[in-house]
Structure formats: C-alpha cells, structure tokens
Amino acid sequence: MKNKDTSFIKDYSEAIDKIKAVLKQTDKDKANLLADRTRFEQNINRERSSNNISELQQALTNFHLIRIDYTNGQNISTSRIVEPFALISTTENWLLIAWCRLRKEFRYFRLDRITKMHVLTEKFEQHKMTLQEYFDKFY
C-alpha cells in the first residue's frame, strides 16, 4: 500500500515539473504556488470527495474569493466568503484551508461539507506565507 502512495507522489511531482517546464512565467508561478499549497496524505486511491477541486485550484492560484455554503459537524449551515489558501488531502477527506472573512481567521473546510460553491470575480491580496509557515504558526 505504502509503495503505491510513494509512486503516486513521485508521478505527481514529475507531472508538476513537466507542466512547469512548458508554461510561461506567470503560469509557472501559479503551478509553483499550487504545488506549494497542495498536500497529500496516505490514502490517495480513495474517491475524490468533491468535484470542486479544480475550481478551487483555479481560485487559489488566481486569488479569487469564493462564496461557500458550509455545513459543520453539528449540521449547522452558514454562508461565508473565503480566501482560498491551500488544499490538503488527508486519509479521510480533502480539506480547504482558507481565510474566513466571517470568522476573521484561517479555517479548515471539509470539501464534502461544502454544499454550494461560487467563485467570485473579486480578488483578494495573496497571503505572504507558505503552507509550511502556516503549519509552523498554527500547529
């Protein structure tokens, strides 16, 4: 099982490198940003828990705000505007790390709990920190 994960991550890294090789500079920056802001954990072969991933990647690399309807663990729904920061795949779920304008702090959002999502045309100021710096600061 472990070997599959390792080869997937190797294939993923090689694919990113190939993409970066053919892209023009601005696209290359976006590919670098996406590679920097995406993390995978063990269980890579499970079903994608959301079809929002590519839309989120676009919003993340182009710094577009996203309006989401989100249902939390207590089954309470809220509508929020968030600044997407990173995508993380854990063993159970895909997670979006985003600056939540409602709570005025970074929050995790499980993709399978986002009931509705709309990428807005409005842009936000890029967060000047890497995913690693985020982990160091908040975890």
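What is the log10 of I(q)/I(0) for the range 65-134, computed with the Debye formula using one identical point scatterer on each Cα and no solvent, at q = 0.18, 0.21 Å⁻¹?
-0.69, -0.93
For a quick check of your reading of the filter: which trypsin sites (Lys or Arg not before Pro) in the range 98-136 sit in a DSSP loop and have no more than 11 other Cβ atoms within 10 Å?
Values: sites: ARG101, ARG103, LYS104, ARG107, ARG110, ARG113, LYS116, LYS123, LYS128; in loops: ARG101, ARG103, LYS104, LYS128.
Passing sites in the range 98-136 are ARG103, LYS104, LYS128.
Which ³J(HN,Hα) values, rounded to whole Hz and listed in residue order, are derived for the range 90-100 from phi using the Karplus coefficients 6.51, -1.76 and 1.60 in 6.51 cos²θ - 1.76 cosθ + 1.60 with θ = phi - 60°, glycine and proline given as x?
Those phi angles translate into 9, 5, 9, 9, 8, 10, 9, 9, 8, 7, 8 Hz.
Per residue of the range 61-68, what does 6.51 cos²θ - 1.76 cosθ + 1.60 with θ = phi - 60° give for ³J(HN,Hα)? Whole Hz please, x for Gly and Pro, Karplus curve as stated.
Values, residue by residue: 7, 9, 6, 9, 5, 10, 9, 10 Hz.
Bear in mind these aren't lab numbers, they're just calculated from the coordinates by the rules spelled out. In this text, all values refer to a predicted model and were calculated from it rather than measured experimentally. Note that we place each Cβ from the backbone using ideal geometry, even for glycine, and neighbour counts take in every protein chain shown.
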